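To start, the structure under review is shown below, and the notes come after it.
The values are calculated or read from the model by the stated rules, or taken from the named source; none is laboratory data. None of these values were measured; they are calculated from a predicted model. Quick reminder, even Gly has a Cβ in these numbers, built from the backbone with ideal geometry, and neighbours come from all protein chains shown. Accessible surface areas use protein heavy atoms only, side chains included; no ligands, DNA or RNA. Shrake-Rupley method; radii C 1.70, N 1.55, O 1.52, S 1.80 Å.
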Amino acid sequence: MLGKLILGATTAVALMASVAMPAFADPVTIRVVSKDLVTSNPDDVKLMKAYEEALKAKGTDIHIQIIDLPSSGYADKLSAMLLSGDIPDLIYFQGGDAKMAEQGVLEDWNNWLPKTTYLKEALFPHNVERLKNYPYLLYVYPPRMPQPVIRTDWLEKSGVAAPKTTDDYVALFKAIKDGDLDGNGKADTYGVTTADNTQELDAIFNQAFGVTGTWMKNEADEWIHARVSAAEKAKIAFYALLREQGLYDPEFITTKWDVKEDKFYSGRAGVIFGSSAEVIDIYGGKMRQAHPDVTLSLLSPPTGPAGQGLMALDVSKESRGLAIATTSEHKEEVVKLLDFIASPEGQAIERLGFEGEQYTKDGETIKPTDKLATWYARFLVAANWQPPVQWLSEAAQQSLKTISADFKPDNAFVWPAEYATDIDATENVYRAWVYKFVSGEAKMDQWDQFVSEWNAAGGEKMTEYARTVLNDK
């Protein structure tokens, strides 16, 4: 009897405790997969913890689980994981997203952005345009647009003011080649070098020569690909002239990124292109390691026979970016996470890192440390965020302003899958002929031969389809 009373009392106490002290629910787990976001990086883990704590203080209790994938071959490994049925809540794609979108695996961002407070205001103009055409990926970063930089001391020594026209660029390249700016007594420096092909040059010379977009009207008012236009021919002839005069590095076709940079630091090339503000500052840092106190200057796109500005930007779709899985049971929490990261409070963490590591504070004054130079945003860079401290160089800041001021949307569009072989074949024909033209192996009077080969490789088929798309717009 006593045992029954004790057992009854124990049960009653346990019942009372369960009523008076309810257990807290476990945090919602958001599974995230992204290239270069790994559990072996202490900064990544610490950043996720900071976001969890910040959101919990605002009433959203989440746990961010990083799914490790190797950076090498990331796109293929991600596709294999998704096709196996393992689909995280938030997915960073760097290729392979289209087939997932076709299978209904990816959410339409246009259904979620209106529900956000900060994220919808954080977009760049090209993000807005790309979402109209392909709403499954979101990549809130400034577009990667190559822009030219030169050592500031060399620009001053050249005796050529910051170039404003194509002729000015020729004059600057000649001053670099012939002026012995590195002081070694030899004329062994090229005005400019690029990596792999002429695409970096295109970034600033396309508009100047009238290459205004991927598709252009010919004299018969018909749409043709810019690759086979008269404007393209004039531009390539200009590149060939630069090479012939020893102003453009003839080894561009075999020069990789590391070799390109080494030629810049060692004085073998006067001008190279940086693909982003961060890359420009990496160039600046490495240049100072080789030549202390040297800074870099950004050069503006030239005005040419047809105009001025950076090349038109493809807005047909994001080539990389974040997607929400339609299978996710925590879509609202994923959106809350990204909305917080886009907020002023979130951007301070995302962009600046941690006090005592990437920066220090003296009252209200924030001072960057050397570690801030290697810190990078993991999720997004809000277009409207004003940093409390500026850590980018003047050249890097100006590159962002130029991208914003010169934004021109391209008229490229997303091709149906059956055109993939034609796209690759025509691009291979184009690149091969450009090298032959620029190197002098082929003369510009062989242009019609190139056009015929490009058309035969799939260009004619592509043009017929493009006209049906563009004429409907």
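Across every pair of different alpha-carbon atoms, what Kirkwood hydrodynamic radius in Å does the chain reach?
Answer for the chain: a Kirkwood hydrodynamic radius of 25.4 Å.
Among the trypsin sites (Lys or Arg not before Pro) within region 236-266, which fall in a DSSP loop and have no more than 15 other Cβ atoms within 10 Å of their own Cβ?
Answer by residue number: Lys256.
In square nanometres and to one decimal, what's the mean projected area of the convex hull around the Cα atoms of region 150-291?
9.0
Compare the peptides 401-410, 372-381, 188-197, 462-471 by average per-residue count of other Cβ atoms within 10 angstrom and give them in order, highest first.
Put in order of decreasing packing, that is 188-197, 372-381, 401-410, 462-471.
Can you pick out the pairs among Lys217/Lys436; Lys35/Lys56; Lys99/Lys473; Lys217/Lys443; Lys49/Lys286; Lys235/Lys473 whose Cα atoms lie more than 30 Å from each other?
Lys49/Lys286
Over the chain, give the accessible area per residue in Å² for a 1.4 Å probe, as an integer.
Working: 22920 Å² over 473 residues.
Accessible area per residue, the chain: 48 Å².
In region 323-350, which residues have a backbone nitrogen under 14 Å from the label point lying 7 Å from Lys58's Cα in the Cα-to-Cβ direction?
332-350
Using the alpha-carbon centroid of each, what span in Å lies between region 360-389 and region 399-430?
Region 360-389 and region 399-430 have Cα centres spaced 33 Å from each other.
Residues of region 291-312 with backbone nitrogen within less than 17 Å of a virtual label 7 Å along the Cα-to-Cβ line of Asp370, please, listed as ranges.
Residues 291-294 qualify, since their backbone N sits under 17 Å from the label point.
Please give the direction-averaged projected area of the C-alpha convex hull for region 93-185, in square nanometres with one decimal.
Values: hull surface 41.1 nm².
If I average the Cα hull's projected area over directions, I get 10.3 nm².
Could you tell me the distance between the Cα centroids of region 258-309 and region 442-473, to the nearest Å?
Spelled out, the Cα-based centre of one part sits 34 Å from the other.
Once the piece of chain linking Gln397 and Lys115 is laid out straight, how much longer is it, given 0.36 nm per residue of separation minus the C-alpha distance between them?
Working it through step by step, the gained length comes to 98.4 nm.
Provide the gained length on full extension for the span Gln199 to Lys361, in nm with one decimal, where the gain is 0.36 nm per separating residue minus the Cα-Cα distance.
So the chain would gain 54.0 nm between Gln199 and Lys361.
Hey, got a sec? Which GluC sites (Glu not before Pro) in region 192-296 land in a DSSP loop and have at most 13 other Cβ atoms within 10 Å?
Passing sites in region 192-296 are Glu219, Glu222.
Could you give the angle, 0 to 90 degrees to the nearest 10, between helix 460-470's Cα long axis and the longest principal axis of the Cα atoms of the chain?
60
Find out how many positive minus negative residues lie around Tyr430, taking Lys and Arg as positive, Asp and Glu as negative, among other residues whose Cβ is under 13 Å from that of Tyr430.
Around Tyr430, the surrounding residues sum to -1.
Find the centroid of the Cα atoms in region 319-341 and in region 35-60, then give the distance between the two in whole Å.
15
With r as the distance between the Cβ atoms of Glu332 and Asn384 and R0 = 22 Å, compute the FRET efficiency 1/(1 + (r/R0)^6) and round to 0.05.
About 0.40, to the nearest 0.05.
When DSSP assigns beta bridges and you keep just the ones with both residues in the chain, what percent turn out antiparallel, to the nearest 5?
60
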